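The values are calculated or read from the model by the stated rules, or taken from the named source; none is laboratory data. Quantities reported herein were computed from a predicted structural model and do not represent experimental measurements. No Cβ is skipped: glycine too gets one built from the backbone with ideal geometry, and neighbour counts run over all protein chains shown.
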DNA sequence: TTCGCTATGTCAAAGTCCTGACATCCATCA
DNA sequence: TGATGGATGTCAGGACTTTGACATAGCGAA
């Protein structure tokens with residue numbers, strides 16, 4: 001029986017360190033994206049759109065962990081700057097599939113390169129196997145917390 | 001020469017999965033803290049204060065990754081509810097060391113227990129060794145990104 | 001001592017994001 | 001056919017957080 005178990009010292013709490021790393025990553029991304037005149041949500045939108053052209057506003061919102069409303073203003077900003085295009089009317093349903101413009105692709109290339117550099121700096125000193133473990137473990141954590149995830153699917157085994 | 005390397009597919013990008021896990025954790029914490037009438041920043045403040053009594057506003061802010069101004073309003077709210085006490089005048093310098101009241105300790109016990117349950121759900125299926133690895137790896141990531149961290153200190157070796 | 005330098009607490013303003021609500025469109029089923 | 005539910009885009013409104021600025025208090029060097 002686990003009786004009244006509480007969170008231990010913050011330095012040893014997974015949640016605390018997870019938050020710490022996420023904040024540090026956000027700040028570092030913000031720093032390298034600022035010269036490109038991009039915010040983190042804007043970059044996230046471009047990155048996702050580059051990988052999956054035709055995504056709708058709602059789908060982009062889910063993919064970047066924000067609300068539809070927030071993503072909408074992001075898209076409007078990117079549209080005004082000519083980095084993204086959306087049809088004026090919906091072809092099917094109400095979805096407005098967004099796409100990158102050539103200028104958007106250029107911006108994305110620069111931004112994605114900068115962000116990749118941040119990722120590499122973050123993972124400096126970690127072996128490829130350990131980076132893969134980190135990826136798998138974090139994915140498992142997210143899955144375990146997703147609502148209605150009563151199936152604690154184990155993470156892939158550690159790569160030696 | 002690393003030539004124009006960009007961020008790969010988001011599912012395989014450490015930064016993306018890190019954000020995903022952090023958002024899921026935040027949502028899960030919010031859900032279990034709501035019945036206790038506590039927000040995540042409020043709980044974070046209580047938890048830190050429980051472990052390190054006498055922390056000042058600025059120190060609490062740094063420890064919870066928010067600004068002094070935000071922490072100040074959090075403290076004011078907790079003070080009004082009688083969970084935290086601060087001296088009216090500063091004994092040394094301008095720092096106002098905060099402390100938990102007995103009621104604050106009670107609230108913290110309940111909240112910390114609930115949050116610990118979330119952490120355990122998040123780490124379900126992960127061996128203790130792997131949880132420790134996650135902790136060490138995330139700490140190393142945060143350290144690598146902290147400004148002025150030119151010393152890529154390697155993470156502790158993986159525990160078999 | 002006196003002059004910077006840093007850190008703290010606090011006030012005001014702006015920005016960002018979310019919650020709530022509504023109309024529209026498609027899909028499913030009775 | 002009509003009805004119900006789910007999903008999308010959009011419009012305010014409000015809550016939360018940050019940025020900017022200021023006065024104050026300690027600390028170290030000239």
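Looking at residue B:50 and the list (1) within 11 Å of another protein chain (Cβ to nearest Cβ); (2) over 17 Å from residue A:13 (Cα atoms), which single condition is not satisfied?
Answer for residue B:50: the failing condition is (2).
Quick one: would you say residue A:89 is within 16 Å of DNA strand C (Cβ to nearest atom) and facing chain B (nearest Cβ under 9 Å)?
no
Checking residue A:71 against (1) within 11 Å of DNA strand C (Cβ to nearest atom); (2) within 19 Å of residue B:12 (Cα to Cα); (3) crowded, with 22+ Cβ neighbours inside 10 Å: exactly one of these is not met. Which one?
(2)
Where in the stretch B:51-130 are the helices (runs of 4 or more DSSP H), entirely inside, with at least 3 residues that are within 12 Å of DNA strand D (Cβ to nearest atom)?
Ranges flagged: B:57-64, B:68-80.
Is the stretch A:26-34 home to any residue that is more than 14 Å from the chain's Cα centre (by Cα), at pLDDT 95 or above and on the phi > 0 side of the Ramachandran plot?
No, the stretch A:26-34 contains no residue that is more than 14 Å from the chain's Cα centre (by Cα), at pLDDT 95 or above and on the phi > 0 side of the Ramachandran plot.
Going residue by residue through the stretch A:2-18, is there one that turns out to be away from DNA strand D (no atom under 13 Å from the Cβ), away from chain B (no Cβ under 12 Å) and either in contact (Cβ under 8 Å) with a residue 12 or more places away in the chain or surrounded by 15 or more Cβ atoms within 10 Å (Cβ to Cβ) (or both)?
There is no residue in the stretch A:2-18 that is away from DNA strand D (no atom under 13 Å from the Cβ), away from chain B (no Cβ under 12 Å) and either in contact (Cβ under 8 Å) with a residue 12 or more places away in the chain or surrounded by 15 or more Cβ atoms within 10 Å (Cβ to Cβ) (or both).
Failed condition for residue B:148, given (1) more than 11 Å from chain A (Cβ to nearest Cβ); (2) surrounded by fewer than 17 Cβ atoms within 10 Å (Cβ to Cβ); (3) over 30 Å from residue A:120 (Cβ atoms); (4) out of contact with any helix residue (DSSP H, G or I) (no Cβ under 6 Å at 6 or more places or on another chain), with all others met?
So the condition that residue B:148 fails would be (3).
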